[in-house]
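Read the structure below first, then the notes.
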Amino acid sequence: MLEKVLEVVASSTRSRLERDRLLAVLLIGSVGGLTYQNLADLRFGDVVADPGDGLRLWIDWTGAVWIPMTRQAEICPACAFTRWRHDVAPCSGRASMGPDSVAEHDCLSPALSSSTELNDSPVFVQLGVGLNRALTVREISALVHDVLDHAGRDRGGLDGLRDDLTIADIVCSL
């Protein structure tokens, strides 16, 4: 399932920025068990990428969601976030590994948190209109459903992704 979705994203005619954003939406949303509303509400100040550990997201006042990194960089939510974060606001002294390096972990660099001016900016934004126009729930839903339709899958196929990735990591570590 996941391999087919990733193939659809990689082979799409979308720009690299659109693909990076889409991978971040798909991986963070599905592995973190987030709703489209959670993704639309997410601000950069709510996300911290810890090297070699994964992502911590503060969704609401109830606490944080931890999304672990995965052994495979291509399906690592922390790497997807790190690439997208670099696309939106490049960090001085830190170069993105680029689109040809998805097999390398981008998330192993020093801890990445947003600069103060980015804290209130939405994570998933419209491209070409600045950092202040968040994707709506409807737009996020449309992105996800478009990819799943092209992959010949339905939304339910992503629901168990976190468990599948965790089990795969446990098996690989044996």
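Over all directions, average the projected area of the Cα convex hull of segment 21-74 and note it in nm². Intermediate results must be reported in sequence, preceding the final value.
Values: hull surface 15.3 nm².
If I average the Cα hull's projected area over directions, I get 3.8 nm².
Convert each backbone phi in segment 43-52 into a coupling constant with the Karplus relation 6.51 cos²θ - 1.76 cosθ + 1.60 (shift: θ = phi - 60°), then list the ³J(HN,Hα) values in order as whole Hz, x for Gly and Pro.
10, 4, x, 8, 10, 10, 9, 9, x, x
Only the coordinates and a few stated rules stand behind these numbers; no lab work does. Predicted model, so just to flag it, every value in this text is computed and none were measured.
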